[in-house]
Amino acid sequence: MSALRRKFGEDYQVVNTDHGMTFSAQVKKKRQRFVEKNGRCNVQHGNLGGETSRYISDLFTTLVDLKWRWNLLIFILTYTVAWLVMASMWWVIAFIRGDLSHGGHDDSYTPCVANVYNFPSAFLFFIETEATIGYGYRYITEKCPEGIILFLFQSLLGSIVDAFLIGCMFIKMSQPKKRAETLMFSQDAVVSQRDGRLCLMFRVGNLRNSHMVSAQIRCKLIKSRQTPEGEFLPLDQCELDVGFGTGADQLFLVSPLTICHEINTKSPFFDLSQRSLMNEQFEIVVILEGIVETTGMTCQARTSYTEDEVLWGHRFLPVMSLEEGFFRVDYSQFHNTFEVNTPPQSVKEQEEKSSLKSPNSLPVAATPSSPQLGNGGRGGRRERLLSADYADYVEEQASRLPSKLQRMSSTKEEIIWRGLKTGQALPGGKASSTGDLPLSIQRLRSSSIPVVRQGQLDEKVQLLSLDGDGVEDELGRMSWGNTAAISSIAASTPTPVQIPLMGSRPEDNLPAKLRRMNADR
């Protein structure tokens, strides 16, 4: 967008090639940046009051942080004042002792400093002593104890001034700020898809052959916001994840790299779309830190991207090419981008749209295991489903009997089995249809349904619904010999449904007389 504005002016149009829609960009005034493109923080401190004394307490850092013109001025003034003061002190000693009145010293007169007749000669003596030049023409004699004391003071003071000023100049010259000038950032950031995810990307590069050791990159989102309590936070800082959890923020910066921030639910750009980008106001501050390989000092390079410098639906041009025996980086394409197909919707809108398109799958409830009935200490209990298929199996077995026996067995128990198939409701309002209410039957352990004989306890089966609630109906005991099997149906208490099961074959449940008749036939 910034490239279009620089070329065509502030009033321009952004064309969405995906859907043929045209958005008119609002004319915006150039707003103030928090961090300039060159990394300088655009913040000034004012109204410090009495806090300015803190700068004097840390004088060394204050001098290092000053601009070069002020450093040079302080450097020159400090040496000039020191030289003039010390030269004046030597002139005063010569004046007090009367060395100045003797223009040409006699051989019988011993001055404090030989060949010092006026202030210029005293100044030259100080310079020769301070710089350890020692021409040999001017020197201190042993007849001047005050001159010896002043000479010691001059040596100590000169060493302190030299250490302080030369140290400041050396630290300022060796600062790695200029190393940051050879670390490049792309002019614009882009938003496009990578690996199926919408990402915010920008590019960094190193112009020098010397590497940045332990290079690490961080991103901060600077945006004013208001809390739910009504507090306004100007220039609130929010961290942008550029691979901290995966280690992608640790860079091996020997060639230009594209830094990627994935826009997901944890990203502050989760609801950012192409249309809303035109109305947003934010600034992305990028901080690249590393150790300079040649000096071992920590270097930090900074830049920033405003909302006008974020290009939606663009991607960076490749700059790496394989030559014969080496890889070549073309920095002429470092800042260039090209358009790609990118959905204009935000990630939030895309997820909502995909959730509406996906079919709603019905939840499948897990079938709870049925509790064991009676004699809970016995092992090897097996479950059996009472369904319409089992009723068909019983009817099929009964149809193989002779017609006379079929008529005899066509009693009320057949009505019960058919009622189970057709979904006839039992007393108490509970449906017993296997289609309407799935039922799980837990029976006593047996490999097959045992034969019910006279005087033997009927085998019981508990019918439980799949939702864990017991059926509130109880069927009475039935006997194959006695067709009037259903004695009562109690539904007052939530007790399991118990019905007797027939034997493994219908012929085994007939009375002994009928079985003999069937065998004879």
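By accessible area, using a 1.4 Å probe on protein heavy atoms only, segment 56-148 has 68% of its surface on carbon and sulfur. At a probe radius of 1.4 angstrom, the accessible area of segment 188-327 per residue rounds to 51 square angstrom.
Across the cross-link table entries LYS37/LYS172; LYS266/LYS348; LYS67/LYS177; LYS37/LYS177; LYS67/LYS172, which are compared at the Cα atoms, the separations over 20 Å belong to LYS37/LYS172. Between THR227 and TYR55, the distance separating the two model label sites (each 7 Å from Cα on the Cα→Cβ line) works out to 3.3 nm. Scaled to the globular estimate 2.2 N^0.38 Å, the Cα spread of segment 44-180, given as radius of gyration, is 1.42. Only Cα pairs under 8 Å and 6+ residues apart enter the sum, and on that basis the relative contact order of segment 95-193 stands at 21 percent.
The loop-placed trypsin sites (Lys or Arg not before Pro) in segment 113-185, going by DSSP, that have at most 16 neighbouring Cβ atoms within 10 Å of their Cβ come out as LYS143, LYS177.
Relative contact order of segment 210-363, taken over Cα pairs closer than 8 Å and 6 or more residues apart, is 23 percent.
Before anything else, pin down the relative contact order of segment 135-289: Cα pairs under 8 Å, at least 6 apart, normalised by residue count, whole percent. RCO, segment 135-289: 22 percent.
Fully extending the segment from ALA114 to GLU36 would add 22.0 nm, taking 0.36 nm per residue of separation and subtracting the current Cα-Cα distance. Taking the alpha carbon gyration tensor of segment 181-290, multiplying each eigenvalue by 5 and rooting it gives semi-axes of 27, 16, 13 Å, largest first.
Modelled this way, with points 7 Å down the Cα-to-C-beta line, the labels at LEU207 and ASN518 are 10.4 nm from one another. Among the GluC sites (Glu not before Pro) in segment 139-215, those placed in a DSSP loop whose Cβ has at most 16 other Cβ atoms within 10 Å are GLU142. Residue separation of PHE164 and ARG194 scaled by 0.36 nm, minus their Cα-Cα distance, works out to 5.4 nm of gained length.
The values are calculated or read from the model by the stated rules, or taken from the named source; none is laboratory data. Just so we're clear, the structure is a prediction, and the values are computed from it rather than from any experiment. FYI the Cβ positions are ideal-geometry reconstructions off the backbone, even for glycines, and counts take in every protein chain you see. These accessible areas exclude ligands, DNA and RNA; they are computed on the full protein's heavy atoms, side chains included. Shrake-Rupley method; radii C 1.70, N 1.55, O 1.52, S 1.80 Å.
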